[in-house]
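K.L.:
Below you'll find the structure I mean.
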Amino acid sequence: NGFRIFLKETDLFDDEIIVRARRWGGLSEHLVKGGPLSRGAVSVEAQTCSMAAMMLGICGLSVESLQECLDGRRVEPNPPAMEAYSTALDASASPADLEALLTLLHLLFLSPVEPGEKSRGRLSLVKFSFLAWRLGENRDPQALFRNRVQRCITQDHPYSRLPSLWNILRLDFKKASAIFNERVSSPSEWTFVLVGRLPKREVLLPMLDTYLGSIPSPSGVPAAPAPSEISSAAAREVARREAVTPLDIAFPAKTTREEVRLRMIEPKGSTLVCFPARLAAVTTAGSAASAEAELRELFRLRLLVRMLETRLVEVLRFKRGQVYSVSVADDFSLSPPHLGRHRTGTISIGFECDPAEADELIEATQTELQRLRSGEAAFAAENVSAALEQERREFEEIFHKNDWWAGTILDMYFSRCHAVTGDIGASLALWWRVRAEVVGSLDVEGAMAALHAVLPDGATSAVVTMRPKGKVPSSGGKNREPDAEGSNAG
């Protein structure tokens, strides 16, 4: 039926089997096409399809029946959830309960959900829960701040907008059920990874044949390829990747600064400084060298992010003593997965502080970045060495977790690297080798080159600050009246 299943037996934990699964196609396939205000936004039905399916009863069982069946078993099934470009499924079980988990996966694909008269009350709970969440977003300071950040760095792209109350009230559960059923209708679209204390092969393979291999393919969908057709199967995977609807989200062309003014019981300030990130190397079809170059650049960027965080913690926390912590992170989750397209995203610097000191700390952050670029306070050999040692220690820790293996194998299969090699073993070997080479060879010169490539002089930025409404004591001790809520000082 076209299922792809990767198995990795480990003895890291005696009583754990992790199941991860993914298929192409996610929220970008369900954007609203009509309506002047909601055009381009993710449909409410797509956002609620998993919640609605749970209330209707996945695997052909009501919520209560499913809980009763799993009573006394270590099985954690979860419905598929959609991300920007893919749909993912996570589950786990003890080795003794693996057959129960496989039974539920079998029923998940064979038991479509369907709203009816008896389920009207349950579905009303889904609608009310979603309404409560949406109204809560308008009252939660962190949610308001997070949403303003997304509006700012995406230039108010419809994908980043919250669903309107009107659209929630008009939620069509038949459409939501159809979306969920389509996600789990075709086995050939899915790739599974099982990691942990697996049964012996002579026991496991017949079990997989019984519960997963028996799921029929819908009419018109090609069955599993023969070994001689592996190249065509790889080509079909590339075709599925290329068929994904891209989200063309662009970072602001000019430096932008916004403030979020909120009523607070206790004054609290949050700040996020974002920069656009774009990898110079790009993977092209049929070129393993291009895949290696992009992978190498990505590893260097991740190490640079680690070094930037360490430096800003030293400056803002230990030298100035004005923040408790500073975080630096990269995000490429909305970058289209298509081959030949440069990977784009953001690098963000976040910290919480006294609202009166936010402007001062933003200036200190920008100044330190400029001192790094100019070489006045360039990275030293000990900075690079400390980052590499921290990377090695964290890798040694996560390397001994089944979760990491399951996630890494699945990420490798859906990576651009695998789209070029067409072999999971070759993809993982390339990833392993490039990572080892970058960690083993990065020096001050390489770190500074990565910094100038990602954050060049004059780089555009977006700064969003959350402040309390009302008079805020400035750092000079005088009270000042804040600007209008949501003012743009850019």
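K.L.:
Would you compute, for the Cα atoms of the range 114-183, the largest minus smallest coordinate along each principal axis and list the three values in descending order, in whole Å?
P.N.:
Each principal axis gives a Cα extent; for the range 114-183 these are 42, 26, 18 Å.
K.L.:
When ranked by the protection proxy of mean other Cβ atoms within 10 Å per residue, highest first, what sequence do the peptides 360-371, 86-97, 125-136 form?
P.N.:
Working: 360-371: 16.7, 86-97: 19.8, 125-136: 14.2.
Output ranking for 360-371, 86-97, 125-136: 86-97, 360-371, 125-136.
K.L.:
In square nanometres, what is the average projected area of the Cα convex hull of the chain?
P.N.:
Computing the convex hull of the Cα atoms and averaging its projections yields 26.1 nm².
K.L.:
May I ask for the distance between the Cα centers of the range 275-345 and the range 142-196, given as a whole number of Å?
P.N.:
25
K.L.:
Related question: Between PRO79, CYS69, GLY121, whose Cα lies farthest towards the positive end of the dipole of the range 1-149 when Lys and Arg beta carbons carry +1 and Asp and Glu beta carbons carry -1, centred on the Cα centre?
P.N.:
GLY121
K.L.:
Further, regarding this structure: In debye to the nearest 20, how big a dipole does the range 233-337 give about its Cα centre with +1 on each Lys and Arg Cβ and -1 on each Asp and Glu Cβ? Display every interim value, and only then the final one.
P.N.:
Details: 17 positive and 13 negative charges, 87 e Å.
With only Lys, Arg, Asp and Glu charged at Cβ, the dipole is about 420 debye.
K.L.:
Here is a follow-up. Taking R0 as 41 Å, what FRET efficiency do you get between ALA289 and ALA96 from their Cβ-Cβ distance, rounded to the nearest 0.05? Don't jump to the answer; show the numbers that get you there.
P.N.:
Working: r = 47 Å, r/R0 = 1.15.
Efficiency at R0 = 41 Å is approximately 0.30.
K.L.:
Once the mean 1/r over all distinct Cα pairs of the range 280-323 is inverted, what Kirkwood radius in angstroms do you read off?
P.N.:
Values: mean 1/r = 0.0810 Å⁻¹.
Computed over Cα pairs of the range 280-323, the Kirkwood hydrodynamic radius comes out at 12.4 Å.
K.L.:
Right, here's the next one. Report the paramagnetic label zone for LEU262: residues of the range 312-352 whose backbone N is under 15 Å from a point 7 Å from Cα along the Cα-to-Cβ axis.
P.N.:
351-352
K.L.:
Only helical DSSP H runs with n ≥ 4 go in: add -39500 (n - 2.57) per run for the chain, normalise by residue count and round the 222 nm mean residue ellipticity to 500 deg cm²/dmol.
P.N.:
On the way: 16 runs with 211 residues, N = 490.
Only helices count here, giving -13500 deg cm²/dmol.
K.L.:
Would you kindly calculate the mean projected area, averaged across all directions, of the convex hull enclosing the Cα atoms of the range 5-144, in square nanometres? Walk me through the intermediate numbers first.
P.N.:
On the way: hull surface 46.6 nm².
Averaged projected hull area, Cα only: 11.6 nm².
K.L.:
How many percent of DSSP beta bridges within the chain run antiparallel, rounded to 5? Can you show the working numbers first?
P.N.:
Details: 43 of 56 bridges.
Antiparallel bridges: around 75 percent, rounded to the nearest 5.
K.L.:
Can you compute the modelled spin-label distance between LYS469 and GLU117, with each label point 7 Å from Cα toward Cβ, in nm?
P.N.:
In this crude spin-label approximation the distance works out to 4.8 nm.
K.L.:
List the residue ranges in the chain for DSSP H helices whose C-alpha atoms run 20 angstrom or more along the long axis and whose Kyte-Doolittle average is -0.5 or above. Please report the intermediate quantities before stating the final value.
P.N.:
Working: long enough: 120-137 (26 Å, 0.14); 288-312 (36 Å, 0.19); 358-374 (24 Å, -0.75); 381-398 (26 Å, -0.95); 424-441 (25 Å, 0.74).
The qualifying helices are 120-137, 288-312, 424-441.
K.L.:
Once neighbouring chains are kept in place and the probe is 1.4 Å, which whole percent of the accessible area of the chain is contributed by carbon and sulfur?
P.N.:
Numbers: 12370 of 23630 Å².
C and S fraction of accessible area: 52 percent.
K.L.:
Accessible area per residue of the range 244-388 at 1.4 Å probe, in Å²?
P.N.:
Per residue, the range 244-388 has 45 Å² of solvent-accessible surface.
K.L.:
Roll a 1.4 Å probe over the protein chains and send me the accessible area per residue for the range 20-93 in Å². Don't skip to the answer; put the middle values down first.
P.N.:
Working: 3290 Å² over 74 residues.
Per residue, the range 20-93 has 44 Å² of solvent-accessible surface.
K.L.:
Then there is this: Over the chain, what is the relative contact order in percent, taking alpha-carbon pairs closer than 8 angstrom and at least six residues apart? Before the final figure, lay out each step's value.
P.N.:
On the way: 812 pairs, mean separation 106.2, N = 490.
Relative contact order for the chain comes out at 22 percent.
K.L.:
If one puts a single equal scatterer on every Cα of the range 351-477 and applies the Debye formula without solvent, what log₁₀ I(q)/I(0) results at q = 0.20, 0.23 Å⁻¹?
P.N.:
-1.13, -1.23
K.L.:
In whole angstrom, how long is each semi-axis of the equivalent ellipsoid of the range 147-212, when you take the square root of 5 times every eigenvalue of its Cα gyration tensor and sort them from largest down?
P.N.:
Working: eigenvalues 336, 76, 19 Å².
Here the semi-axes work out to 41, 19, 10 Å.
K.L.:
Rounded to whole Å, give me the distance from the Cα center of the range 53-78 to that of the range 419-474.
P.N.:
41
The values are calculated or read from the model by the stated rules, or taken from the named source; none is laboratory data. Not measured: the values here are computed from a predicted model. Because the Cβ atoms are built from the backbone with ideal geometry, glycine has one as well, and the counts that use them run over all protein chains shown. Accessible surface is based on the protein model in full, side chains and every heavy atom, while ligands, DNA and RNA are left aside. Shrake-Rupley method; radii C 1.70, N 1.55, O 1.52, S 1.80 Å.
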